[in-house]
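Everything on this sheet refers to the single structure shown next.
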Amino acid sequence: MSDQANSIKQKELFGHPIGLYVLFFTEMWERFSYYGMRAILVLYLVAQTTDANAGLGWTNAEALALYGWYTMLVYVASIPGGWIADKFLGQKKSVLYGGILLVAGHSVLAIEQMWAFYTGLGLIIAGVGMLKPNISTMVGGLYKPGDIRRDKGFTIFYIGINVGAFLSSLIVGYVGEVHGWHYGFGLAGIGMALGLLQYVLGQKHLKYVGNFIGTSDNEADKEAVNRPLTKIEKDRIVVLLISFLLVIVFWGAFEQAGGLMNIYAMDNTNRMLMGWEVPASWFQSLNAMFIIFLGTTVAGFWAKRKLKGKVSTSLFKMIIGLIIMGTGFFFMSAASSQLESTGSSAMYWLVLAYLFHTIGELCISPVALSYITKLAPLKYASLMMGVFFAMTGFGNKLAGLLGESASEFGEFTIFTGIAVFCVIFGCIVMLFRKKLEVLTHGVEDNEREMAEELPQGQQLADNKLN
């Protein structure tokens, strides 16, 4: 984060910089395109070539294998994307180029040819790698160090992600399943084009955020780039890297949503509602819908807890998030048991599972994004964000491997195993939490004091979002 950006009074809306909302809508449309495509990708792969809406006719295992590789590479590409931003372009330009690549990728997918299918996936991987880590780092750059609004700002930003995911699962999912898979892919590309246009038009609110620090006139920025890392900075990187283990486990479990749970909804769930069959892809929207309704509530709970002096560090939230998400898989265990006894399972098991997954996600994902901007050294800000998303990618690959193994071990075993492992792993990390937090060197200690210094009107405006 640049000192220049911090020294300038930014225009605000509802107690947060207007630039936050520019990034909010940019990410909303980017996630509309990504999650819309994700909602129908596996379904397209397994749809038979003889169907009216013909797919590729792959087996479930083959489809989940590609899904795992694809979702892993999408996020692993964030490492070179972050490195390019730190070394050459800056975050702002990297987001722009990433958006252009995404528009091209989703558009190519609309062509009904195998070369276009693989080319489109490749362009999307490169585009997400350029956009994803850098737009998140820009959000952190809108806030001064120690600003308690940072976590809330990331939650608002995260709601933008899920507004896009919610709309895309319904709209792109419906178009893909009913009117044709490639129409769905094309619609996702239109959404990304809208996000790119909105980002370009909103540049005046991002003037001092995301610029390449190599061309900065600020002496502090230049000094931070040339000098070696201090012991405090090295310790903080260690904490970040250890916290990323939580990220891998979390996404390895959570991303069953787009794979195994997606297929489970299609094949094993009674989706009849008042004589109408709910499209399988629509269940992907539950997570996003819950985030939209619960996002600021969860953020407000943690903020109030911090002001009361109770434990609410980022690492504590992330551990709790993993445990809550893991608990949600016990509902899928119950669904599998019902399937074995009756031949189908009720929709409410999926709804409950997604509810717990969402609460867990709100405790770990936006918090982790904020945590990185607090701990990462300035010259490695985008790179560390890229490493975070790479860990997300490895979690996605793990999710694919777990999903594939369901054909051998059965859904009940996989769902129950995931639940038990997540809860136990979270409890183990909790035992070492205090020792790890010592290595942050008090990076979050002054947030309560800064919150108390905020003008009363600004606190009231912020509270309206919670």
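The values are calculated or read from the model by the stated rules, or taken from the named source; none is laboratory data. Bear in mind that the values here come from a model prediction, so they are computed numbers and not experimental data. Neighbour counts are summed over all protein chains in view; Cβ atoms, including those assigned to glycine, are modelled from backbone coordinates with ideal geometry.
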Kindly indicate the residue of the range 57-110 that is of a type in the set (Val, Ile, Thr) and without any contact (Cβ under 8 Å) to a residue 60 or more places away in the chain and also farthest from PHE185 (Cα to Cα) among those meeting that condition.
-> ILE84
Checked against (1) crowded, with 17+ Cβ neighbours inside 10 Å; (2) over 21 Å from the mean Cα position of the chain (by Cα); (3) among the hydrophobic types (A, V, I, L, M, F, W, C), ILE232 satisfies every condition except (1)
Does GLY252 qualify as being out of contact with any strand residue (DSSP E or B) (no Cβ under 8 Å at 6 or more places or on another chain), at pLDDT below 95, surrounded by 21 or more Cβ atoms within 10 Å (Cβ to Cβ) and of a type in the set (Gly, Ala, Ser)?
-> yes
Just to be sure, is LEU142 part of a loop (DSSP other than H, G, I, E, B) and either of a type in the set (Phe, Trp, Tyr) or surrounded by 23 or more Cβ atoms within 10 Å (Cβ to Cβ) (or both)?
-> yes
Are there any helices (runs of 4 or more DSSP H) wholly within the range 331-438 with 2 or more residues that are among the charged types (D, E, K, R), out of contact with any strand residue (DSSP E or B) (no Cβ under 6 Å at 6 or more places or on another chain) and buried (at least 17 other Cβ atoms within 10 Å of the Cβ), and if so which?
-> 347-375, 381-409
Only residues in the range 428-442 that are in contact (Cβ under 8 Å) with a residue 60 or more places away in the chain and under 13 Å from SER243 (Cα atoms) count as the first member; pair them with residues that are basic (Lys, Arg) and outside any loop (DSSP other than H, G, I, E, B), Cβ under 6 angstrom, at least 6 apart or cross-chain, and list the lot.
-> THR440/ARG236
ILE156 versus (1) in contact with a strand residue (DSSP E or B) (Cβ under 8 Å, 6 or more places away or on another chain); (2) at pLDDT 95 or above; (3) of a type in the set (A, V, I, L, M, F, W, C): which is the lone unmet condition?
-> (2)
If we ask which residues in the range 50-76 are under 22 Å from GLY98 (Cα atoms) and surrounded by fewer than 19 Cβ atoms within 10 Å (Cβ to Cβ), their number turns out to be 1
Candidate set from the range 77-93 (those that are buried (at least 17 other Cβ atoms within 10 Å of the Cβ) and out of contact with any Ser or Thr (no Cβ under 9 Å at 6 or more places or on another chain)); member that is farthest from LEU260 (Cα to Cα) | LEU89
Does ASP147 satisfy the criteria of being over 18 Å from PHE25 (Cα atoms), among the charged types (D, E, K, R), more than 20 Å from the chain's Cα centre (by Cα) and outside any helix (DSSP H, G or I)?
-> yes
